[in-house]
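Here's the structure, in structure tokens; my notes come after.
The values are calculated or read from the model by the stated rules, or taken from the named source; none is laboratory data. Computed from a predicted structure; not experimentally measured. So basically every Cβ, Gly included, is an ideal-geometry build from the backbone, and we count neighbours across all protein chains shown.
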Amino acid sequence: MRKEASVISLPDRADQHDHGYHQLVFGLEGDTEFDLAGYCRPVHAGWGCLLPSATGHAFHGLGDNRIVVVNLPTQGDDRQLQQRVERLFDRADYFNCAPQMQMLVQTLGREMQHNPGDELLQDACASTLVCALQRQFEQQTRQPRSHGRLNLDLINSYIDLHIGRRIGVSELAGAVCLSDSQFHALFRDQTGLTPQQYVLERRLHAVARALLHCDQPIADLAVRYGFATQSALTRAFSRRFDMPPARYRRLYQS
């Protein structure tokens, strides 16, 4: 078989199988779940899983969803690429994508969706995703943590990339390759805030900037920046800035 990359949606009905080729899965939109050797977890935007050849796995979608699927032969003519594939698929596992990797997946995903019959594009996207993910793993392995400090630039990029939806502590911890408990303790010590407080603060400042630079309705801004309702945004914004969003816009937009 040749390398293949495509964007698909998983049905709500659970299914399970294995196959004679390696498979790389990236969450793109919505939610899906994969069960690898009895360990089940969601695979949504920013997450993925590695399925070596002959690895039994169960999977299903949760409503509207899209994933990027890369199928790779166990033997290939491209020796350099095959060496990377072998290192990548040494075991079945879940992984978290760095922000740059997520943007690459989203960009290539759009190209594949718009050009589903382009075999040359499929081949190029498959090779690019394999090489980029292998590079991410290698950088995470060798990158030292300076005196136990977190890379806040990386965390900020992750928050900004997913600011329109709920962001869990486990996602932020995964972005910097730490357990939830390690991450929470380091984060609180470094910033003086819990991760949830920090995410909310970043959302509110993003809303404040948007109020000054665009005329988008406040209800739309609530959705855009991850608040359940306009009322939830108004309450949080008023606590932070001592005035509701509408008054903030009137006072400072000029």
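Residue-wise test of (1) outside any helix (DSSP H, G or I); (2) closer than 30 Å to residue 203 by Cα; (3) not hydrophobic (A, V, I, L, M, F, W, C).
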| residue | (1), (2), (3) |
| --- | --- |
| 86 | no, no, yes |
| 121 | no, no, no |
| 134 | no, no, yes |
| 155 | no, yes, no |
- Residues of the range 223-254 classified as among the small types (Gly, Ala, Ser), in contact (Cβ under 8 Å) with a residue 12 or more places away in the chain and assigned to a helix (DSSP H, G or I), total: 2
- Task: Give me a count of the residues in the range 196-233 that are surrounded by fewer than 17 Cβ atoms within 10 Å (Cβ to Cβ) and either polar (S, T, N, Q) or farther than 19 Å from residue 162 by Cα (or both).
- Result: 11
- Task: Looking only at the range 10-56, count how many residues are surrounded by 19 or more Cβ atoms within 10 Å (Cβ to Cβ) and within 21 Å of the chain's Cα centre (by Cα).
- Result: 19
- Any idea which residue in the range 1-55 is farthest from residue 71 (Cα to Cα), counting only those that are among the basic types (Lys, Arg) and not in a strand (DSSP E or B)? 13
- residue 25: passes all of (1) modelled with pLDDT of 90 or more; (2) out of contact with any Cys (no Cβ under 6 Å at 6 or more places or on another chain) but (2)
- Message: Need the failing condition index for residue 94 against (1) in contact with a Ser or Thr (Cβ under 9 Å, 6 or more places away or on another chain); (2) surrounded by fewer than 19 Cβ atoms within 10 Å (Cβ to Cβ); (3) not basic (Lys, Arg), just the number.
- Response: (1)
